[in-house]
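Enquirer: My structure is below; once you've seen it, I'll send some questions.
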Amino acid sequence: MGRKEFVEILDAGRFSALFDDAAILGIECTFDRGTLRSHRYTFVPCPFDPELVSLRPESIPIADWLRESVLSYGLEAVRSVGAYRFDCVRKPPERSADPHPISHFTFGSPDCRVPVRGPMSISDFLNFIFDNFYRGARPFWLNHAPFLTCEGVEPTITWDEQQLHHLQWMED
């Protein structure tokens with residue numbers, strides 16, 4: 001994801017939460033009774049210099065501040081970061097025409113889909129974020145984690161996908 005798309009997401013408010021460092025969190029889920037049917041969880045670190053983000057006056061919207069920073073500092077304001085996305089997309093049985101796993105982790109490129117054991121609860125996704133990007137805030141997060149678990153996260157990984165590099169986390 002480039003800086004332009006990042007700023008467009010901020011402008012449109014197409015995110016679930018914005019961290020203090022301007023990283024974007026997106027959470028989309030669908031449920032069928034008690035079963036998690038699909039999800040798309042996205043974490044995008046801010047692609048702008050963290051020092052510039054910290055200098056933003058609260059009176060200026062973050063998207064405007066980032067645009068102005070690029071105009072003022074040019075490429076010095078931009079850093080290379082990726083987006084991290086966990087998806088679960090259940091498709092009808094004719095799924096064989098679509099080679100990507102039902103549950104997968106995408107990073108670096110839209111074509112990079114690493115098989116995942118199964119759908120993730122929102123809590124599991126946020127554990128990933130706080131374990132890997134915000135360790136200092138992890139104790140605060142753990143106070144809230146038990147309230148975001150869900151049922152219906154049975155494994156979807158196939159035997160063939162298990163033979164590839166894949167992600168599997170411990171069950172609670």
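Readers should treat all values here as calculations from the given coordinates under stated rules, not as data from a laboratory. Computed from a prediction, not measured in an experiment: that's the story for all the values here. Counting neighbours? That spans all protein chains shown, and the Cβs are built from the backbone with ideal geometry, glycine included.
Enquirer: Note down the magnitude of the dipole of the range 3-162 about its Cα centre, charges +1 on Lys and Arg C-beta and -1 on Asp and Glu C-beta and zero elsewhere, to the nearest 20 debye.
Expert: Dipole size: approximately 260 debye.
Enquirer: State the answer as a single residue: which of 127, 141, 115 lies farthest towards the positive end of the charge dipole of the range 3-162, with beta carbon charges of +1 for Lys and Arg and -1 for Asp and Glu, about the Cα centre.
Expert: Projecting each Cα onto the dipole axis, the largest value belongs to 115.
Enquirer: Follow-up. Once both labels are modelled 7 Å past Cα along the beta-carbon direction, what's the residue 142-residue 168 spacing in nm?
Expert: In this crude spin-label approximation the distance works out to 2.6 nm.
Enquirer: Could you list which residues have their amide H under 5 Å from that of residue 156, counting only those 5 or more apart in sequence or on another chain, with H placed in the peptide plane?
Expert: Answer set, sorted by chain and number: 118.
Enquirer: Contour minus end-to-end for residue 73 and residue 49, with contour as 0.36 nm per residue of separation and end-to-end as the Cα-Cα distance?
Expert: Here the segment from residue 73 to residue 49 would lengthen by 7.6 nm.
Enquirer: Let me ask something else about it. Can you tell me what percent of all Cα-Cα pairs in the range 1-131 are more than 26 Å apart?
Expert: Beyond 26 Å sits 32 percent of the P(r) for the range 1-131.
Enquirer: If the chain between residue 8 and residue 90 were fully stretched, how many nm would it gain, using 0.36 nm times the residue separation less the Cα-Cα distance?
Expert: Gain on extension, residue 8 to residue 90, equals 26.6 nm.
Enquirer: Arrange the peptides 103-112, 120-129, 62-71 so that the one whose residues have, on average, the most other Cβ atoms within 10 Å appears first.
Expert: The packing order, highest mean first, is 120-129, 62-71, 103-112.
Enquirer: In whole percent, what relative contact order does the range 3-162 give with Cα contacts below 8 Å and a gap of six or more residues?
Expert: Rounded, it is 20 percent for the range 3-162.
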